[in-house]
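Report on one structure; see the data block that follows.
The values are calculated or read from the model by the stated rules, or taken from the named source; none is laboratory data. Being a predicted model, the structure only gives us computed values, none of them experimental. So basically every Cβ, Gly included, is an ideal-geometry build from the backbone, and we count neighbours across all protein chains shown.
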Amino acid sequence: MNKAKTVKSLLLLAAFSSTLLLQGCAAGESSDGKIHITMLQYKPEAVKAFEKIEERFNATHDDIHLDIESPNEAMTVLKTRLIREDYPDIVGIGGDINYSNFLDAELFADISDLDVINDIKPAYLQIDKDLEFIPQEGVYALPYAANAAGILYNKDMFEANGWEIPETWDEFLSLCDTIKATGTNPLYFGYKDTWTCLAPWNALAVGLAPADVCSRVNSGDTTFKAEYAEVAEKIKVLLDYAEPNPYAYSYNDACTAFARGESAMYPIGSYAVPQILSVNPDMNIDSFPFPANENEEDNVLNSGIDLQFSVMKESKNKEAAYEVLRFMFEDETVQIYLDDQGGIPCKEGEFTLPSFLNGMEQYIKDNRMSDYHDHHYPSEMSVDALIQTYLMDSSANSAEIFLDRFDNEWVRYNRDLIAKVKKYEEGQK
């Protein structure tokens, strides 16, 4: 790989301290005669699961030793190591804009010859392909675990009142009206933390806008104003069923309120369940996909890749890295991770899912899933703040102002990418 190109690409990814000192261990055969493989993964909350996985791997392999690093601020650590050319063999990252940037910098190896790929659910492989700025031949990541976002609901409250799970937008609004009439908040948001605005936004967008909307905008085929108009309209309707002044309450406040029965439903991802259960361990939580459409068959589950593994192009021990990945995708290993972290396995097979995903299970089995739209948004654009500002704007033309700004800001923060896409498409012609 061209060193200057690598450094330039990585410096564009994020600003970070160049003085950060890290102890790196180059992979390779050591004095113990074993091949040492280093994996750097970005989920410090999963350190116990990875310690257990590491121990099981090393106990069953005489020729390979696996070292799994789970640092805080893993993306900063990884970018610093890459600048110093201190490459891990395998990285565990999310399926989001960071993956897109690393792939665009040509840092990942094509692993399309790895047999494990055949075991991955097609929907998640497609999500990774959609994250490519420019279409590429090959496979560059193995999706491992996913999460889902839609509506969490208080199952005991629903059963006590005889409320049925809505399957269409009209049924959802009717349910909200029914709940509101009892004096209970149908929904809780916690919009004080701007990122929470993205939860209902994403869950609506996957059902109402094309999955490849960002790529199509980059190609000049459409605009966000055209594709997001219904999303913008419906997310504002939800405010009629929210807690008073949702901008005064944080994510933690919303989790606590829902746990205490102050709302019947909470539009958020499955990642919020541990926080909710920390307040009320006995709460009976279930979930359902956001019924964004007038017809149930048009609804889509908002599900994204929470963890996936890529092999670094600079790894000197690709076959040993492959052996590690085969071990990672053994059913027993996958279940160790799921038991610790919850979530959805990206591998086909029979796994024990958390009970709070029961209402989404059929969508998962049917591969009726689409990625979080914000996984394609540049962080510098601060789309969450744009949405919050729009929701707080009560003017008659607020949607038009918001969507125009969305398009303008997109061009501002994606100018280089749009030019690259245009050049690629001209080359294809």
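Tabulated data
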quantity: Residue match in region 115-138 (condition: touching a Pro at 6+ places or on another chain (Cβ under 8 Å), among the β-branched types (Val, Ile, Thr), touching a residue at least 60 places away in the same chain (Cβ under 8 Å) and surrounded by fewer than 20 Cβ atoms within 10 Å (Cβ to Cβ)); calculated: no
quantity: Subset of region 187-218 [touching a strand residue (DSSP E or B) at 6+ places or on another chain (Cβ under 6 Å) and within 20 Å of residue 296 (Cβ to Cβ)]; calculated: 202, 203, 206, 211
quantity: Selection status of residue 340, buried (at least 18 other Cβ atoms within 10 Å of the Cβ) and among the acidic types (Asp, Glu); calculated: no
quantity: Listing of helices (runs of 4 or more DSSP H) fully contained in region 31-129 that carry 3 or more residues being farther than 22 Å from residue 323 by Cα; calculated: 74-83, 97-104
quantity: Count - residues of region 226-264 that are over 26 Å from residue 278 (Cβ atoms), surrounded by fewer than 19 Cβ atoms within 10 Å (Cβ to Cβ) and either hydrophobic (A, V, I, L, M, F, W, C) or over 23 Å from the mean Cα position of the chain (by Cα) (or both); calculated: 7
quantity: Residue list for region 241-267, restricted to those being assigned to a helix (DSSP H, G or I) and either touching a strand residue (DSSP E or B) at 6+ places or on another chain (Cβ under 9 Å) or of a type outside the set (Asp, Glu) (or both); calculated: 241, 246, 247, 248, 251, 252, 254, 255, 256, 257, 258, 259
quantity: Residue in region 272-287 that is within 30 Å of residue 115 (Cβ to Cβ), out of contact with any helix residue (DSSP H, G or I) (no Cβ under 6 Å at 6 or more places or on another chain) and at pLDDT below 95 present; calculated: no
quantity: Of residues in region 324-360 being of a type in the set (A, V, I, L, M) and not in a helix (DSSP H, G or I), the one farthest from residue 39 (Cα to Cα); calculated: 353
quantity: Tally, over region 380-404, of residues that are in a helix (DSSP H, G or I), of a type outside the set (Val, Ile, Thr) and surrounded by fewer than 16 Cβ atoms within 10 Å (Cβ to Cβ); calculated: 5
quantity: Region 254-272 residues that are on the phi > 0 side of the Ramachandran plot, paired with ones that are in a helix (DSSP H, G or I) (beta carbon under 8 Å, 6 or more apart); calculated: 261/157
quantity: Residue check, residue 386 aliphatic (A, V, I, L, M) and either touching a helix residue (DSSP H, G or I) at 6+ places or on another chain (Cβ under 6 Å) or closer than 14 Å to residue 147 by Cα (or both); calculated: no
quantity: Scan of region 234-292 for residues that are closer than 17 Å to residue 179 by Cα and among the basic types (Lys, Arg), ordered by number; calculated: 260
quantity: Residue match in region 361-368 (condition: assigned to a helix (DSSP H, G or I), within 18 Å of the chain's Cα centre (by Cα) and crowded, with 16+ Cβ neighbours inside 10 Å); calculated: yes
quantity: Residue tally, condition out of contact with any Ser or Thr (no Cβ under 7 Å at 6 or more places or on another chain) and either assigned to a helix (DSSP H, G or I) or closer than 17 Å to residue 276 by Cα (or both), over region 173-196; calculated: 13
quantity: Some residue of region 222-229 being assigned to a helix (DSSP H, G or I), touching a helix residue (DSSP H, G or I) at 6+ places or on another chain (Cβ under 7 Å) and among the polar types (S, T, N, Q); calculated: no
quantity: Qualifying residue in region 110-127 (condition: of a type in the set (Gly, Ala, Ser), more than 18 Å from residue 92 (Cα to Cα), at pLDDT 95 or above and more than 19 Å from the chain's Cα centre (by Cα)); calculated: no
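Let's see how each residue does on (1) under 22 Å from residue 236 (Cα atoms); (2) of a type outside the set (Gly, Ala, Ser); (3) not in a strand (DSSP E or B):
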| residue | (1), (2), (3) |
| --- | --- |
| 135 | no, yes, yes |
| 140 | no, yes, yes |
| 143 | no, yes, no |
| 146 | no, no, no |
| 152 | yes, yes, no |
| 157 | no, yes, yes |
| 160 | no, no, yes |
| 164 | no, yes, yes |
| 171 | yes, yes, yes |
